[in-house]
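To start, the structure under review is shown below, and the notes come after it.
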Amino acid sequence: MNRPAIIIATIMSLFSPALYASHYNDLLEGNWVVTSIYNKEIPRAELHFKGNQVEIVNVEEKPITTEYTIKDIQLTEFVVNFEYSHDVTRGNGRVVTYTEHYDLLFHIDGGHFILSNQGFEYDGRGPIIMEEYMKKEELIDGYQSELSQKLNNHKPVPTYKE
């Protein structure tokens, strides 16, 4: 690659997130539903994306709306990041404010768009997928992506030596 091409590629890589932000918003637009059913009597968690905001439904007592950002853009995946704060009353009556952080990996698995909520397990497994979301109109109950199976089902590394 010649010098001008390298300079142009570098400049384009700096501006590409800003130029293509609407493309990522379009991919997210709509209602996403968690794929796992923990209790049939409790409604599933939902994420409603519109513009640059997400509404979190069936997670807290009332729906919460907050802005999201897109980061770590790769060829076929990116990370959707947002957070919100809420008050929790402890057993002793004390009110504590918690901030919930979400880093959802958008990726394609078996032709399906998936949002995977990433977490970390300190039992020796390391990174895991806490839950996954699919678009409401494409929802497959209990769907687990290959990434989730790979991360969640491997044996933990021993944390001690015998």
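Within region 77-89, restricting attention to residues that are polar (S, T, N, Q) and exposed (fewer than 12 other Cβ atoms within 10 Å of the Cβ), which residue is nearest to the chain's Cα centre (by Cα)? Spell out the reasoning first.
Pass one, region 77-89, residues polar (S, T, N, Q): 81, 85, 89.
Applying the additional criterion that residues be exposed (fewer than 12 other Cβ atoms within 10 Å of the Cβ) yields 85, 89.
Details: Ser85: 17, Thr89: 27 Å.
Ranking the candidates gives Ser85 first.
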Problem - Criterion: open to solvent by 50 Å² or more (accessible area, probe 1.4 Å), out of contact with any Cys (no Cβ under 7 Å at 6 or more places or on another chain) and within 16 Å of Lys136 (Cα to Cα) - qualifying residue of Asn92, Asn39, Asn31, Asn52 - result: Asn31
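Could you please find all residues in region 92-136 being of a type in the set (Ser, Thr, Tyr) and farther than 30 Å from Pro158 by Cβ?
Taking region 92-136 first, the residues of a type in the set (Ser, Thr, Tyr) are 97-99, 102, 116, 122, 133.
Correct list: Thr97, Tyr98, Thr99, Tyr102, Tyr133.
Kindly provide the set of residues from region 110-162 that are surrounded by 12 or more Cβ atoms within 10 Å (Cβ to Cβ), part of a helix (DSSP H, G or I) and touching a residue at least 24 places away in the same chain (Cβ under 8 Å), ordered by number.
Taking region 110-162 first, the residues surrounded by 12 or more Cβ atoms within 10 Å (Cβ to Cβ) are 112-119, 121, 124-126, 128-136, 138-139, 143-145, 147-149, 151-152, 154.
With the extra rule that they be part of a helix (DSSP H, G or I), the set shrinks to 136, 138, 147-149, 151-152.
Residues satisfying the conditions are Lys136, Glu138, Leu147, Ser148, Leu151, Asn152.
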Handout entry: Identity of the residue in region 113-140, modelled with pLDDT under 90 and of a type in the set (Asp, Glu), that ends up nearest to Tyr24 (Cα to Cα)
Key = Glu121
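How many residues are within 16 Å of Leu115 (Cα to Cα), open to solvent by 60 Å² or more (accessible area, probe 1.4 Å) and not in a strand (DSSP E or B) if we restrict to region 60-76?
4
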Problem - Any chance Glu83 is part of a loop (DSSP other than H, G, I, E, B), in contact with a strand residue (DSSP E or B) (Cβ under 6 Å, 6 or more places away or on another chain) and without any contact (Cβ under 8 Å) to a residue 60 or more places away in the chain - result: no
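The values are calculated or read from the model by the stated rules, or taken from the named source; none is laboratory data. Computed from a prediction, not measured in an experiment: that's the story for all the values here. Reconstructed Cβ throughout: ideal geometry from the backbone, glycine too, with neighbour counts over all protein chains shown. Each accessible area value is taken on the protein alone, full model and side chains, heavy atoms only, with ligands, DNA and RNA left out. Shrake-Rupley method; radii C 1.70, N 1.55, O 1.52, S 1.80 Å.
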